[in-house]
Amino acid sequence: MPKKGANISLSSYDDIFETDASRAEAKQERIQSISILDLVPFENHPFKVVDDEAMLRTTESIAQYGVLTPIIARPLEEGGYEIISGHRRVHAAEAAGLDEVPVIVRDMTDDEATVLMVDSNLQRESILPSERAFAYKMKLEAMKHQGERADLTSRQVGEKSQTSVKTMSSEIGESERQIQRFIRLTNLIPDLLEMVDQKQISFNPAVELSYLKPEEQEIFMEAMDLAQTAPSLSQAQRMKKLSQEGGFTLDAVREIMTEVKKGDLERVTFRNETLRKYFPKSYSTQQMQDTIIKLLEQWQKRKQRDQGR
């Protein structure tokens, strides 16, 4: 009859003769081949995955060579894996017809995952203001949480927040003031933030407009549509002051927006919803712009032909 606890002794025997190298190897991260269907995007991922020219190039490269840089993901309690780094590669791999991609599975806390997700995406060459704004905000919040204590006073919390901004500034090579200015953009309503991404409104005026209440931002967009012009920095600052003093009305904002700005170039702006009804829902803003330019070129050529008759 086997002795009680014989299996336990055998396990202990194995543990005794297990080397440090074998333990380290067991814990070492390995590249696994995981189904794309088991991968889900990072929650509130701030970086857009769009089918632009860069994505087409990535898709063609993956179709030819495969995914050369592994995805980084973390396991989810309910099953599957949350992508931390590699959203664009996963999208391109799926478009290229791949069923699986190489993945490094890493156990990480929410804050650790957020910091890595932001840092890995900030290496991209082209980042929209809205992407940078929400990425900075997410990373700063995660940095504040790390090592957070419940017994801190409000003054100590404020000091910790400022320390986090300083640390983040050093890590990403952006000034503390600029980080805070980008984060201000997250207070803009989606339509207004889209205009910043499309360069219809400049960054500095947009920061001032972020101090307006959401309903005031709607009023501003109406005034901008009527004036058919984008605000200068000084105009945005005056509208911010109107809001602070309680005098923000459509008439007051329209008066500011219809002023002739020194050296201002003539321009015509349209809100997206004004143009959307003329295009397929799948069209991006850039596709709409390209189509409008082509139509104008055709109109100009036809006009020149008519004048030459």
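What follows draws every value from the coordinates through simple rules; no lab data is involved. Just so it is clear, the structure is predicted and the values come from calculations on it, not from any experiment. Positions of Cβ are generated from backbone atoms using ideal geometry, with glycine treated the same way; all protein chains shown enter the neighbour counts.
Which links in 48/240; 137/241; 199/281; 199/294; 144/199 stretch past 28 Å when you go from one Cα to the other? Provide the component values of the computation, followed by the final result.
Numbers: 48/240 30 Å; 137/241 25 Å; 199/281 21 Å; 199/294 20 Å; 144/199 32 Å.
Distance filter (> 28 Å) returns 48/240; 144/199.
Placing pseudo-labels 7 Å out from each Cα toward the beta carbon at residue 292 and residue 68 gives an inter-label distance of 3.9 nm. Most tightly packed first, judged by the mean number of other beta-carbon atoms within 10 Å of their residues, the peptides 43-52, 109-118, 279-288 read 109-118, 43-52, 279-288. Mean separation of Cα pairs under 8 Å and 6 or more residues apart, divided by the residue count, gives region 189-269 a relative contact order of 34 percent.
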